[in-house]
2 protein chains.
Amino acid sequence: MQSSNIPRLAFIGLGIMGRPMAGHLLSAEYPLVVHNRSKSKADELISRGAVWAESPAVAAAQADVVFVCVTDTPDVEAVLFGENGVAKSARPGLIVVDHSTISPGATRGFGEKLSALGTSLLDAPVSGGDTGARNATLSIMVGGAEEAFEKVLPLLNVMGKTITHCGPSGAGQLTKLVNQVLVSVTNLAVCEALTLAIKGGLDPAKTIAAVAGGAAGSWQLNNLGPKMIAGDFAPGFMVDLQYKDLRLVLEAARQAGVRLETVSRVTESFGKLRSLGRGRDGTQALFEVVKSAPV
Amino acid sequence: MQSSNIPRLAFIGLGIMGRPMAGHLLSAEYPLVVHNRSKSKADELISRGAVWAESPAVAAAQADVVFVCVTDTPDVEAVLFGENGVAKSARPGLIVVDHSTISPGATRGFGEKLSALGTSLLDAPVSGGDTGARNATLSIMVGGAEEAFEKVLPLLNVMGKTITHCGPSGAGQLTKLVNQVLVSVTNLAVCEALTLAIKGGLDPAKTIAAVAGGAAGSWQLNNLGPKMIAGDFAPGFMVDLQYKDLRLVLEAARQAGVRLETVSRVTESFGKLRSLGRGRDGTQALFEVVKSAPV
């Protein structure tokens, strides 16, 4: 990638997050190659000018920067190092930007393997959900070499609003996991608070209005509290994904020699929701577990 | 109290919260009688025109509305029903406004006893801390008869910003306890998140900046997070008072037949801080317990 030329881009993983993110790059008139496990997800992007690639290796061969947005650590490993993976086309100067939320430790290992081929890996998990992806208001937390970060920053600015270089390889993933600790335990705070309000006979909507502007206030209270009250469990962010991320948190905590007692408990509660068949509900369904806890 | 006349006011309890609150009433040119266990706390208000009363009964005898701002349930009981308590001067039309944070159940009992004498009790606990008291930006959560609430609303507007009538007697206290659930468990979220960030090798200030604007955001993160990082444990809100309030939460939860598991645990952690002699630190000292939890 030479800074005087328009970089050629590839985007691998066209799910609920990746598709709109790739769409913003296309709208910004970058040449874009796309790949996804099921091709149908690429149809709309192809109709707008994106070029289909049969594999991650083929996509990477035609690109200066490869974006990846899949689900979990093994998915990223397959995209990078599988039979027709990105590594097959890795070469000096190629930059891979991984928007998936995966293990920070595994990320460091992937980065070292690509580095041996001259290719830079940036971990760049996002927060802000599908709304943030569609509106290009994502927060993007980036780990990896500063030089590679500076090169792709103009591209990240097309997809997100708050772009932070958090440190070396894995630091973006760890920052995302810190984000998930805050999100899930603050969610739990809202669940216990509304349980007390409702069982104590208060009007819960009036209660939220009375306290949300002060030291009790949070995004979770403002956004999930009213859904809990209304029994609206449509996802924003799904229980299955929160559970996956919290398992990554606990793995990272173990590796750092840290005990996160509340995170352990809230992870169990999300696991319970999954076992009740509610993995595809929004994370506000945590309220159902908390309010029905045996006394 | 007749709405056509300027009401005569009394303020009992001139601590870190009560003194500035009473001062705002004085600045608004209401006639004000004051009482406090130690008279020296009243000196400045007296120099500005307040009249000293030797007891709560004497204060109430000279007032249409009596404000109370003391610490705990037994303190309120003593002010209202002690030897020279407010009840000695209770009469039809008198309104008592209790700004202390105390038991919702005890509040209902106090209200019934005063009601038998023709006097109305409003529970009106506040949040916003000493800063809110000084700047008249308190949130005031009010329980009790609507009619009494309407009468004192202009007075509450002199001391606070967000004034909510939450429901019948005790509803203000219960709303305050819901507030304390949110405050303390969100604080815990910040503690576990920053523990992971720091032990995982991230720059914690950069981490807060990367995540605070999104779904992870809260007042506690913005305000206590930087103090935790800096090791600044000067109070805002003191551990001793948070612990007192959380015991009220657990009592109210028991009475409502509710189990609040995370609140139970965070209460234990604040108890541990007290046993370490840190009861007068700010609540951000919770971080010290969380980050040193044995693995």
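The values are calculated or read from the model by the stated rules, or taken from the named source; none is laboratory data. Worth saying up front: this structure is predicted, and the values here are computed from it rather than measured. All Cβ positions, even for glycine, are placed from backbone atoms using ideal geometry, and neighbour counts span all protein chains on display. Please note that ligands, DNA and RNA were not included when accessible areas were found on the heavy atoms of the full protein model with its side chains. Shrake-Rupley method; radii C 1.70, N 1.55, O 1.52, S 1.80 Å.
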Handout entry: Conditions (1) open to solvent by 30 Å² or more (accessible area, probe 1.4 Å); (2) free of Cβ contacts under 8 Å to residues at least 40 places away in the same chain: number failed by A:GLY132
Key = (1)
Fill in the blank from the handout: Within the range B:247-281, the residues that are in contact (Cβ under 8 Å) with a residue 40 or more places away in the chain, in contact with a Gly (Cβ under 9 Å, 6 or more places away or on another chain), within 12 Å of another protein chain (Cβ to nearest Cβ) and open to solvent by less than 20 Å² (accessible area, probe 1.4 Å) are B:ALA252
Exercise for the section: Please go through the range A:162-179 and pick out each residue that is facing another protein chain (nearest Cβ under 7 Å) and of a type in the set (A, V, I, L, M). Expected result: A:ALA171, A:LEU174, A:LEU177, A:VAL178
Problem - Within the range A:197-209, tally of residues that are touching a Gly at 6+ places or on another chain (Cβ under 8 Å) and facing chain B (nearest Cβ under 7 Å) - result: 4
Problem - the range A:1-13, subset surrounded by fewer than 20 Cβ atoms within 10 Å (Cβ to Cβ) and touching a helix residue (DSSP H, G or I) at 6+ places or on another chain (Cβ under 8 Å), residue farthest from A:GLU150 (Cα to Cα) - result: A:PRO7
Exercise for the section: Take B:ILE16 and decide whether it is surrounded by 20 or more Cβ atoms within 10 Å (Cβ to Cβ) and either hydrophobic (A, V, I, L, M, F, W, C) or at negative phi (or both). Expected result: no
Practice task
Would you confirm whether any residue within the range A:136-149 is among the hydroxyl-bearing types (Ser, Thr, Tyr) and open to solvent by less than 10 Å² (accessible area, probe 1.4 Å)?
Solution key: no
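Which of the residues that make up the range A:282-295 are open to solvent by 50 Å² or more (accessible area, probe 1.4 Å) and either more than 23 Å from B:LEU260 (Cβ to Cβ) or not β-branched (Val, Ile, Thr) (or both)?
Answer for the range A:282-295, where residues must be open to solvent by 50 Å² or more (accessible area, probe 1.4 Å) and either more than 23 Å from B:LEU260 (Cβ to Cβ) or not β-branched (Val, Ile, Thr) (or both): A:GLU288, A:LYS291, A:SER292, A:PRO294.
If we only count helices (runs of 4 or more DSSP H) wholly inside the range A:29-146, which ones have 1 or more residues that are farther than 24 Å from B:ILE208 by Cα and in contact with an Asp or Glu (Cβ under 8 Å, 6 or more places away or on another chain)?
A:73-81, A:104-115
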Practice task
Scan B:LEU182, B:LEU194, B:LEU221 and give me the residue that is more than 7 Å from every other protein chain (Cβ to nearest Cβ), of a type in the set (A, V, I, L, M) and open to solvent by less than 30 Å² (accessible area, probe 1.4 Å).
Solution key: B:LEU194
Problem - So A:ALA212, is it under 21 Å from B:ASP245 (Cα atoms), more than 7 Å from chain B (Cβ to nearest Cβ) and hydrophobic (A, V, I, L, M, F, W, C) - result: yes
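I need a count of the residues in the range B:147-161 that are more than 9 Å from chain A (Cβ to nearest Cβ) and not in a helix (DSSP H, G or I). Step through it out loud before you land on a result.
Start the filter on the range B:147-161 by keeping residues that are more than 9 Å from chain A (Cβ to nearest Cβ), which leaves B:147-160.
Now drop any that are not not in a helix (DSSP H, G or I), which leaves B:160.
Final tally of qualifying residues: 1.
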Fill in the blank from the handout: Note on A:ILE229: of the conditions (1) facing another protein chain (nearest Cβ under 7 Å); (2) surrounded by fewer than 24 Cβ atoms within 10 Å (Cβ to Cβ); (3) among the hydrophobic types (A, V, I, L, M, F, W, C); (4) assigned to a helix (DSSP H, G or I), unmet is (1)
Exercise for the section: Please indicate, with yes or no, whether at least one residue in the range A:34-42 is over 21 Å from A:GLU77 (Cβ atoms), buried (at least 24 other Cβ atoms within 10 Å of the Cβ) and without any contact (Cβ under 8 Å) to a residue 60 or more places away in the chain. Expected result: no
